[in-house]
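*Asks:* First the structure, then my questions, so here it is.
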There are 2 protein chains.
Amino acid sequence: MALRARALYDFNSENPGEISVKENEIVTLQCEQDIDGWLEGANSRGERGLFPASYVEILKNDSVSSNNNSASGDGFQTSSYSNVPSGGYDAPYTTQDNVTKAPNVTSNFTTFPVTAQQQLSYQTSQGSDDDWDDDWDDSSTVADEPGVVGGSYRDYDGNGPSGYRVSTSMPRGGGSQQAKSSATVSRNLNRFSTFVKSGGEAFVLGEASGFVKDGDKICVVMGQYGPEWQENPYPFSCYIDDPTKQTKFKGMKSYMSYKLTPSHTQSQVNRRYKHFDWLYARLVEKFPVISVPRLPEKQATGRFEEDFISKRRKGLIWWMNHMTSHPVLARCDVFQHFLTCCSTDEKAWKQGKRKAEKDDMVGANFFLTISTPAAPLDLQDVESKIDAFKAFTKRMDDSVLQVNATVNEFARKQITGFKKEYQKVGQSFRVLSQAFELDQQAYSAGLNHAIAYTGEAYDAIGDYFAEQPRQDLDPIMDLLALYQGHLGNYPDIIHVQKGALTKVKESQKHVEEGKMDGPQAEGINERCNIISFATLAEIQHFHQIRVRDFKAQMQHYLLEQIGFFQKITAKLEEALQKYDNA
Amino acid sequence: MALRARALYDFNSENPGEISVKENEIVTLQCEQDIDGWLEGANSRGERGLFPASYVEILKNDSVSSNNNSASGDGFQTSSYSNVPSGGYDAPYTTQDNVTKAPNVTSNFTTFPVTAQQQLSYQTSQGSDDDWDDDWDDSSTVADEPGVVGGSYRDYDGNGPSGYRVSTSMPRGGGSQQAKSSATVSRNLNRFSTFVKSGGEAFVLGEASGFVKDGDKICVVMGQYGPEWQENPYPFSCYIDDPTKQTKFKGMKSYMSYKLTPSHTQSQVNRRYKHFDWLYARLVEKFPVISVPRLPEKQATGRFEEDFISKRRKGLIWWMNHMTSHPVLARCDVFQHFLTCCSTDEKAWKQGKRKAEKDDMVGANFFLTISTPAAPLDLQDVESKIDAFKAFTKRMDDSVLQVNATVNEFARKQITGFKKEYQKVGQSFRVLSQAFELDQQAYSAGLNHAIAYTGEAYDAIGDYFAEQPRQDLDPIMDLLALYQGHLGNYPDIIHVQKGALTKVKESQKHVEEGKMDGPQAEGINERCNIISFATLAEIQHFHQIRVRDFKAQMQHYLLEQIGFFQKITAKLEEALQKYDNA
């Protein structure tokens, strides 16, 4: 019997050698073993070629088996959140067609997109100073541009899930151009590589080494709720001004420049989006178990349009807020260089840039900089906390997805349907008053005027409905987009920790089998302990900012809604008064 | 070539001998001449039988001719508001499919339904005391029942004009049973007959005679705005209590009984709907140029359901209000008998009933009871006022139609769409709070609770939206239904006056031609003057109650809307407070 697999999501081939598959399509496989995350097989139309292993599940004896990635066998393949009980929170979505139909598009919890996207940023942002002034940012071509972030209900076409985009990272297309020239993309389809690439493996095995300066030391302390990053003793914030349009090459090229004013220097610097992008790449490279907030994404068309500029600025404000709120990220050298280096001192900038790119304390070496409390963590306890967090992020990702879809649709309804309904009422009142005006008698005039005014009031209320989402729903969507980014980061972070834990278990087994000596295993255990402290500290930080952010945003939303309904009430009261003299 | 006709509307056969036709279906006719308003022919499925003449247009030489009813031709058939310029106010409705597609269903300005309905009530309500206790009211069969009045958005099926019914009189059903046994139906299709039947012609020609008692005298006086009915020196109102269900024949039959308490007697009487119906028939018969408010119509199914009972009671309250507000109707004997005769004194009731049915001062003789100011009206001036009013009623009818359709749809949207949208938002907030509850940390609990509460608040707001139309839009629809009834009465009233005017013009011509002597023409002129005074007084009264009613209703609507949005605001403020401790 031929080996078969069922497609979990749509996959559209974009390169020679790939074949397209549709969700639920049955494909026959050449071999169960994936090669760098790709499987070879034939689709139902008889086309032969490659497709991502993570997009299908292998069918064994006509029953649904676990994900085929498990074929590459290691301690990590049971992850992908498959061990989270699915009954409880999947059920609510079965009635939500547009949510469930495109999990690969909208969820960050599919393997491929997240890792590839992250990795691609890293790949493409490497480079010499020569390309620093190139327009790979604001003048880049359409093909380079990933999807639009956040609420795009204005473009909603009413034709299902493709109409809105709630993910901060599109599953592909975000880097299809680069993918062709990058050998790392397909390797990243393998989850295990996260542990290897992040340096987690090298560190746990004791292969990381480097000189840690005092200034590089990062402390994890025991707080009220468990391990946490030591607070930043010099907290600061950073204000981002309205961006201005700059031109060069005699106006041939143009780009947006953002004015940043950090509170601890009070000295303004100008940065372009590509500078943010470069910084982001450095941070992702440097911190294997810290969730670096994702940048608001690029947009190909209408880049200088007011809407987009305002949207990206808001995205960057959120991003900056998360950066300065993070005890580790806020203090790191490359971020400080970005915030404080004088925009016009090109030499100083390049110096700092080179230094950051040559930073030794990245990846595996980052763990060398961490100092932890003396008492080691209980491995069992860590594992259960990590599992709980995994379940939490899965559940939060699902609900964020639902809130985003709902809010997006709610905004669209207010802008279109609600507005229309209220204005139709307004229009019918105006028509009535016009009919009444045919009666020229004096006692009729006041009423006619009042009804006409009521019509106008309903017109205005229709406009209020259309304008309101920008004030209250858009900010919610901005917040959700940011958190979708974080939620997309956590699978990798969790896998680094899980990888370390697996190494510990392996080493214990090896000791029992006499293949490893005690001190060596102890070293692995200690280094895993450091990774666990860091991971738990990061999780703690996530929960704290999550509670802070969602509280603030819900309050803002409700305040806006209250103001909105009060505005409507005031308008109606105005209309009512017109009848006093009627 | 066979005589053919095209169906203008759907007609569903309900009785043996009838055949169903679909809108636009071509039927072949046995004969062009209708019999009592019915044509005989075959539909496209080959079925032979009867269908209403007014539902089809006869096709002559394959071109669309005028309605076949015009075959009975006389001086008045060009009326039907066809001389009102159509460009101005027809244009806005061409985009309103559901308004324009069924003019006969929704507009009172088609000839047949209005006149037939009015006439049928009159016909069927004649009769001996024997049928007084029969259940031709609340226990009548489906075939006897006319359509539902007012807003029926709950039944809206989204399939076009049949979904909602804004007219107080359906084109059929109201009298299809009776139509076959009534020779007056088809005669009433002829507009001129209104003048004849109302007694207008007889009176103008001096053929009316009778003894007018002092108590029967009805005065038209010159008021600030022109002729008006002399005010009722003893104004009163009448309270209608919640109806109670009564049974008879050992519970085999049941009916609703309404408790009426007139303010001038403070003595409660019980009346059934059929008593209202009988009264209505008396009033229509008696007053040729007074718009007797139409009764809320019967309903075949669910007659005792709360919704319908409440709806009919509200309709009867409106009706009663218009009755007691009218200086002439409020004071007339039959109405006073209805309001004051003790419910249990069957003898007194039957006496009053017989007296009313034998009333001499009906139709032509009614005009004998009118006394007018000494100075006669200027004929030219009267004609232009009547024309202006005709234009006004046409325009008002159109706009009432539009308001009704809009308000109906607005109510439906609030009950379905708006509710759904707000509750979807509520649901997504609850899902988010449930996800957040997976994080068991203490600092998270307050937020989780607050978000859950916000979800509930949005659920409640959804319910508010669904409940609100009953408070504010339903009363508007009730008002519009009442006014649609009045607007449906005016074509006949106007035609009585126009008929009189035509007689005057004819008589002047006859005098010029020597066919009539001066004094005879003068008599016609004087009697026409009385009709004009009465008509203008009635128009004046209409405008005054219109301004009063619409002002009150718009104020009520706005007050309700304000209260509604304040309720929402209060709910949101409650939700916001939950975050204070979060």
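The values are calculated or read from the model by the stated rules, or taken from the named source; none is laboratory data. All of these numbers come straight from a predicted model, not from anything done at the bench. Glycine gets a Cβ as well: all are built from the backbone with ideal geometry, and neighbour counts include every protein chain shown. These area figures cover heavy atoms from the full protein model, side chains too; ligands, DNA and RNA do not enter into them. Shrake-Rupley method; radii C 1.70, N 1.55, O 1.52, S 1.80 Å.
*Asks:* Examine the range B:400-415 for a residue that is open to solvent by 60 Å² or more (accessible area, probe 1.4 Å), part of a helix (DSSP H, G or I), aliphatic (A, V, I, L, M) and within 14 Å of chain A (Cβ to nearest Cβ), and state whether such a residue exists.
*Replies:* no
*Asks:* Further, regarding this structure: Quick check: is even one residue across the range A:531-543 within 9 Å of another protein chain (Cβ to nearest Cβ) and more than 30 Å from B:Phe565 (Cα to Cα)?
*Replies:* First, pick out the residues of the range A:531-543 that are within 9 Å of another protein chain (Cβ to nearest Cβ): A:540, A:543.
Restricting the remaining residues to those that are more than 30 Å from B:Phe565 (Cα to Cα) gives A:540, A:543.
Yes: one or more hits.
*Asks:* Taking the range B:553-564 as the region of interest, how many residues are within 15 Å of A:Ser433 (Cα to Cα) and more than 8 Å from chain A (Cβ to nearest Cβ)?
*Replies:* 1
*Asks:* I would also like to ask the following. Output the number of the condition that A:Lys419 fails; it satisfies all remaining conditions of (1) open to solvent by less than 20 Å² (accessible area, probe 1.4 Å); (2) within 14 Å of chain B (Cβ to nearest Cβ).
*Replies:* Status for A:Lys419: all satisfied but (1).
*Asks:* Let me ask something additional. Against the condition crowded, with 16+ Cβ neighbours inside 10 Å and either within 14 Å of chain B (Cβ to nearest Cβ) or touching a strand residue (DSSP E or B) at 6+ places or on another chain (Cβ under 6 Å) (or both), how does A:Phe335 come out, does it pass? Break it down into steps so the answer makes sense when it comes.
*Replies:* Working: crowded, with 16+ Cβ neighbours inside 10 Å: yes; either within 14 Å of chain B (Cβ to nearest Cβ) or touching a strand residue (DSSP E or B) at 6+ places or on another chain (Cβ under 6 Å) (or both): no.
Here the answer is no, as A:Phe335 does not meet what is asked.
*Asks:* Test B:Val547 against the criterion of being within 9 Å of another protein chain (Cβ to nearest Cβ), among the hydrophobic types (A, V, I, L, M, F, W, C) and free of Cβ contacts under 8 Å to residues at least 24 places away in the same chain, and give yes or no. Step through it out loud before you land on a result.
*Replies:* On the way: within 9 Å of another protein chain (Cβ to nearest Cβ): yes; among the hydrophobic types (A, V, I, L, M, F, W, C): yes; free of Cβ contacts under 8 Å to residues at least 24 places away in the same chain: yes.
Judged against the criteria, B:Val547 is a match.
*Asks:* Which numbered condition in (1) open to solvent by 10 Å² or more (accessible area, probe 1.4 Å); (2) facing chain B (nearest Cβ under 10 Å); (3) assigned to a helix (DSSP H, G or I); (4) over 22 Å from B:Gln561 (Cβ atoms) is the only one that A:Gln427 fails?
*Replies:* A:Gln427 satisfies every listed condition except (4).
*Asks:* Just to verify a result, which residue in the range B:338-358, among those that are closer than 21 Å to B:Thr324 by Cα and assigned to a loop (DSSP other than H, G, I, E, B), is least open to solvent (accessible area, probe 1.4 Å)?
*Replies:* This residue is B:Cys341.
*Asks:* Mind checking which residues of the range A:430-459 are of a type in the set (Phe, Trp, Tyr) and open to solvent by 10 Å² or more (accessible area, probe 1.4 Å)?
*Replies:* Initial filter on the range A:430-459 (of a type in the set (Phe, Trp, Tyr)): A:436, A:443, A:453, A:458.
A:Tyr443, A:Tyr453 - these are the residues of the range A:430-459 that are of a type in the set (Phe, Trp, Tyr) and open to solvent by 10 Å² or more (accessible area, probe 1.4 Å).
*Asks:* Right, next: How many residues does the range A:372-398 hold that are over 20 Å from A:Leu205 (Cβ atoms), away from chain B (no Cβ under 14 Å) and in contact with a Phe, Trp or Tyr (Cβ under 9 Å, 6 or more places away or on another chain)?
*Replies:* Residues in the range A:372-398 being over 20 Å from A:Leu205 (Cβ atoms), away from chain B (no Cβ under 14 Å) and in contact with a Phe, Trp or Tyr (Cβ under 9 Å, 6 or more places away or on another chain): 1 in total.
*Asks:* Can you tell me which residue among A:Tyr464, A:Tyr483 is within 12 Å of chain B (Cβ to nearest Cβ) and within 30 Å of A:Ala445 (Cα to Cα)?
*Replies:* The conditions single out A:Tyr464.
*Asks:* Here is a follow-up. Looking at this structure, is A:Leu189 closer than 18 Å to A:Pro288 by Cα, at pLDDT below 80 and among the aliphatic types (A, V, I, L, M)? Write out each step before concluding.
*Replies:* Details: closer than 18 Å to A:Pro288 by Cα: yes; at pLDDT below 80: yes; among the aliphatic types (A, V, I, L, M): yes.
For A:Leu189, the condition - closer than 18 Å to A:Pro288 by Cα, at pLDDT below 80 and among the aliphatic types (A, V, I, L, M) - is met.
*Asks:* What number of residues within the range B:201-218 are at pLDDT 85 or above and closer than 29 Å to B:Thr261 by Cβ?
*Replies:* Residues meeting the conditions: 2.
*Asks:* Now for a different question. Quick check on my filter: what residues within the range B:431-447 are assigned to a helix (DSSP H, G or I) and either more than 9 Å from chain A (Cβ to nearest Cβ) or touching a His at 6+ places or on another chain (Cβ under 9 Å) (or both)? Can you show your working first?
*Replies:* The initial filter retains those residues of the range B:431-447 that are assigned to a helix (DSSP H, G or I), namely B:431-436, B:442-447.
Scanning the range B:431-447 gives B:Ser433, B:Tyr443, B:Ser444, B:Ala445.
*Asks:* Give the range A:208-229 a look and list any residue that's open to solvent by 40 Å² or more (accessible area, probe 1.4 Å) and within 15 Å of A:Ala374 (Cβ to Cβ), or say none. Give the steps one after another, and end with the answer.
*Replies:* Taking the range A:208-229 as the starting set, the residues that turn out to be open to solvent by 40 Å² or more (accessible area, probe 1.4 Å) are A:209-211, A:213-215, A:217, A:219, A:221-222, A:224-225, A:228.
Matches in the range A:208-229: A:Cys219, A:Val221, A:Met222.
*Asks:* Output the number of residues of the range B:550-581 satisfying the condition of being in contact (Cβ under 8 Å) with a residue 24 or more places away in the chain and open to solvent by less than 30 Å² (accessible area, probe 1.4 Å).
*Replies:* Within the range B:550-581, residues that are in contact (Cβ under 8 Å) with a residue 24 or more places away in the chain and open to solvent by less than 30 Å² (accessible area, probe 1.4 Å) number 9.
*Asks:* Still on this model: Given the structure, is B:Asn581 polar (S, T, N, Q), at pLDDT below 95 and not in a helix (DSSP H, G or I)? Break it down into steps so the answer makes sense when it comes.
*Replies:* Working: polar (S, T, N, Q): yes; at pLDDT below 95: yes; not in a helix (DSSP H, G or I): yes.
When the stated conditions are applied, B:Asn581 passes them.
*Asks:* Do you know which residues across the range B:257-276 are open to solvent by 10 Å² or more (accessible area, probe 1.4 Å), in contact (Cβ under 8 Å) with a residue 40 or more places away in the chain and assigned to a strand (DSSP E or B)?
*Replies:* Of everything in the range B:257-276, those that are open to solvent by 10 Å² or more (accessible area, probe 1.4 Å), in contact (Cβ under 8 Å) with a residue 40 or more places away in the chain and assigned to a strand (DSSP E or B) turn out to be B:Asn270, B:Arg272.
*Asks:* Please specify each residue of the range A:375-389 satisfying the condition of being assigned to a helix (DSSP H, G or I) and either open to solvent by 10 Å² or more (accessible area, probe 1.4 Å) or small (Gly, Ala, Ser) (or both).
*Replies:* Narrowing the range A:375-389 to residues assigned to a helix (DSSP H, G or I): A:379-389.
Matches in the range A:375-389: A:Leu379, A:Gln380, A:Asp381, A:Glu383, A:Ser384, A:Lys385, A:Asp387, A:Ala388.
*Asks:* Here is a follow-up. Looking at B:Asp517, is it open to solvent by 10 Å² or more (accessible area, probe 1.4 Å) and in contact with a Ser or Thr (Cβ under 7 Å, 6 or more places away or on another chain)? Reasoning before the result, please.
*Replies:* On the way: open to solvent by 10 Å² or more (accessible area, probe 1.4 Å): yes; in contact with a Ser or Thr (Cβ under 7 Å, 6 or more places away or on another chain): no.
Spelling it out, it is not the case that B:Asp517 is open to solvent by 10 Å² or more (accessible area, probe 1.4 Å) and in contact with a Ser or Thr (Cβ under 7 Å, 6 or more places away or on another chain).
*Asks:* Among all residue pairs at least 6 apart or on different chains, which show Cβ distances below 6 Å where the first residue, located in the range A:219-237, is outside any loop (DSSP other than H, G, I, E, B) and the second is open to solvent by 60 Å² or more (accessible area, probe 1.4 Å)?
*Replies:* From the range A:219-237, the pairs are A:Cys219/A:Gln230; A:Val221/A:Gln230.
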